[in-house]
Amino acid sequence: MAELHRLNRRTFLNRMGGSTVAVAFLSSGVLAACSSDGSVVPVASGPDGADLTSTTEGSTSNEVDSQDGESDAEGIRWQRVQMGGVSAYLIARGSEVAVVDTGNPNNIDKFDAALSTIGAQWGDVKHIILTHKHGDHVGGLPEVAGLASQASVYIGEADLSGAGDIAAEPINDGDEVFGLQIIGTPGHTAGHVSVLDVGAGFLVAGDALNERDGMLLGPNPQYTPDMETANASVKRLAERTFETVVFGHGNPLEGDASDAVVAFAQTI
Ligand SMILES: [Zn+2]
């Protein structure tokens with residue numbers, strides 16, 4: 001079930017010749033989810049109440065070559081940490097790991113399994129990047145930061161309150177953390193950021209975009225106070241090039257993913 005995702009230019013090129021991912025588009029009014037509450041609250045599952053678990057679980061087509069031991073300074077390995085309706089991600093470069101989002105509380109077993117899959121331990125986690133302050137993305141922060149005692153915590157400056165009592169470094173558009181570009185994607189929250197590995201073509205969109213049943217969605221208007229800004233953020237993401245995009249809610253979209261975001265951006 002756990003599947004290692006390894007990305008580098010070689011796999012990128014391999015995928016260029018592979019099958020095309022079919023993507024349909026819905027308007028931004030279609031259900032996607034996130035919490036409306038910016039505080040760090042212990043909630044057992046996504047507060048949206050919607051079942052966002054897509055039915056295409058396990059359908060990803062990544063190479064699973066964690067056993068080859070190959071060292072590629074350019075490449076990253078990424079791993080989804082799926083927690084009910086929300087997902088966090090591990091991004092590993094060499095022996096160092098960044099955690100992007102922490103999900104809801106009480107999911108350390110999911111992180112343990114994901115770290116094991118990429119051959120890492122908590123001591124390898126040097127960065128915790130939070131895409132935004134909603135409880136289903138930062139709720140696990142105290143536990144994750146407690147175990148990743150070597151890690152620095154980063155969150156968008158306007159969402160800094162989401163870190164609660166955990167010391168965090170504010171980040172803004174254009175910053176770089178662990179070789180990852182921070183792209184300001186406000187609207188869903190004022191301090192929402194997305195995280196891009198340019199070399200690998202790997203984007204963590206957080207809740208700036210969502211996916212459901214193979215379809216790209218914008219953030220849920222119900223939980224997005226500034227949809228105009230959120231739509232502008234989608235258009236900013238559409239200016240970038242990436243092969244894979246992963247979401248807080250929904251399954252990863254792999255293979256020429258930025259083309260799909262461009263097409264979606266034209267509908268909003
Ligand atoms: Zn959210």
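The protection proxy used here, the mean number of other Cβ atoms lying within 10 Å of each residue, ranks peptides 252-259, 117-124 as follows, highest first: 252-259, 117-124.
Listed by chain and number, the lysines whose alpha-carbon sits under 20 Å from that of Lys110, ignoring those within fewer than 8 places in the same chain, are Lys126. Oblate is the label for segment 93-188, because the ratio a/c of its alpha-carbon gyration tensor axes (a ≥ b ≥ c) is 1.5 or higher and a/b is not greater than b/c.
All alpha carbon pair distances within segment 155-250 were sorted into 5 Å bins beginning at 0; the resulting P(r) in whole percents reads 3, 14, 23, 26, 20, 11, 3, 0. A cut-off of 5 Å between modelled amide H atoms, ignoring neighbours fewer than 5 places along the same chain, links Leu217 with Asn210, Glu211, Arg212.
Between the listed residues Pro221, Val261, Gly201, the Cα displaced farthest toward the positive end of the dipole of segment 198-266, a dipole computed from Cβ unit charges relative to the Cα centre, is found at Pro221. Modelled label positions at Ile268 and Asp165, each set 7 Å beyond Cα in the direction of Cβ, lie 3.6 nm from each other. Farthest toward the positive end of the dipole of segment 88-134, out of Ile91, Ile108, Ile118, is the Cα of Ile91, where the dipole comes from beta carbon charges about the Cα centre.
Annotation for Glu176 and Glu96: the two label points, set 7 Å from Cα along the Cα-Cβ direction, are 1.2 nm apart.
Rounded to whole numbers, the Karplus 3J(HN,Hα) couplings from phi for segment 144-154 are 5, 5, x, 7, 8, 5, 8, 8, 8, 10, 10 Hz, using 6.51 cos²θ - 1.76 cosθ + 1.60 with θ = phi - 60°, and x at Gly and Pro.
Gain on full extension, evaluated as 0.36 nm per residue between Gln121 and Ser152 minus their Cα-Cα distance, stands at 9.6 nm.
Bear in mind these aren't lab numbers, they're just calculated from the coordinates by the rules spelled out. All figures in this text were calculated on a predicted structure; none of them were measured in a lab. For neighbour counting, all protein chains shown are included, and Cβ atoms are generated from backbone atoms with ideal geometry for every residue, glycine included.
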